[in-house]
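The values are calculated or read from the model by the stated rules, or taken from the named source; none is laboratory data. No experiment lies behind these values; they were computed from the predicted model shown. Glycine also receives a Cβ, built like all others from the backbone with ideal geometry; neighbour counts cover every protein chain displayed.
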Amino acid sequence: MKTVLITEPAVAPVSVDALRFHCVIPHSEDDEYLASLSLAAVSHIESVLSRKLINQTWRVYFDDWPQDAEIILPFGNCQSVTSIVYKDSITGAENTWDPANYIVDTAAVPGRVVIAYGQSWPDASLYNVNPVSVTFVTGYGAAPADIPDAMLHAVKLLVAHWYENREIVNVGQTVTNVPKTVDALLWPHRLFGF
């Protein structure tokens, strides 16, 4: 399974103003640095969780149709499916599968696509490389208010930690890069298997 980002999130989960307030920084001279730390923190959190925070569009590629009646989509919360496309090996043509043939289950986590009653996967000879692709929107929502508070707080904690500690922190004989509080906030929201 290969994934490709199609459309980035429209906003950051935590604003620079909120980060400056959390870090108790009375000036705006470090705003660009805070924004870059925020990007790194969000990337780290999304990697740990196997989820995306703010809505974004991704495309996932498969080598074949699944053996059962569903396609499991990565990154947790699926908001919608834009298209399912398959490439024919004989003509090389890309075909968009009619949405009437499938149901998008946005209530499931992770999201999934299920074949509609009485339908089956297209019966075509598939191209050799990445012949099936699903384009979908994933994330908790379009606004920071849609994201669970624990994740937003984890972003703030990481940014504050990295702002104050620009290198590895040595605590006694233990070297740590990420505060344990962040792990505790994220653990209940992790998805496994992706």
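This table checks each residue for (1) in contact with a Leu (Cβ under 9 Å, 6 or more places away or on another chain); (2) under 30 Å from residue 37 (Cβ atoms); (3) surrounded by 18 or more Cβ atoms within 10 Å (Cβ to Cβ); (4) acidic (Asp, Glu).
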site	(1), (2), (3), (4)
101	no, no, no, no
109	yes, yes, no, no
116	no, no, no, no
122	no, no, no, no
126	no, no, yes, no
151	yes, yes, yes, no
(message) So in region 1-18, with the set limited to residues that are of a type in the set (D, E, K, R) and at pLDDT 95 or above, which one is surrounded by the fewest Cβ atoms within 10 Å (Cβ to Cβ)?
(response) 8
(request) Could you identify the single residue in 43, 28 that is among the polar types (S, T, N, Q), surrounded by fewer than 18 Cβ atoms within 10 Å (Cβ to Cβ) and either more than 27 Å from residue 135 (Cβ to Cβ) or at pLDDT below 95 (or both)? (result) 28
(request) Please name all residue pairs, on different chains or six or more residues apart, with Cβ atoms under 8 Å, provided the first residue is in region 24-38 and is in the same structural domain as residue 157 (by TED's automatic domain parsing) and without any contact (Cβ under 8 Å) to a residue 24 or more places away in the chain and the second residue is part of a loop (DSSP other than H, G, I, E, B) and of a type in the set (A, V, I, L, M). (result) 35/12
(message) Here is a check on your reading of the model: is residue 181 at pLDDT below 90, closer than 16 Å to residue 41 by Cα and assigned by TED's automatic domain parsing to the domain that holds residue 22?
(response) yes
(message) For the list (1) buried (at least 16 other Cβ atoms within 10 Å of the Cβ); (2) touching a Lys or Arg at 6+ places or on another chain (Cβ under 8 Å); (3) not assigned by TED's automatic domain parsing to the domain that holds residue 152, I need the number of the one condition that residue 70 fails.
(response) (1)
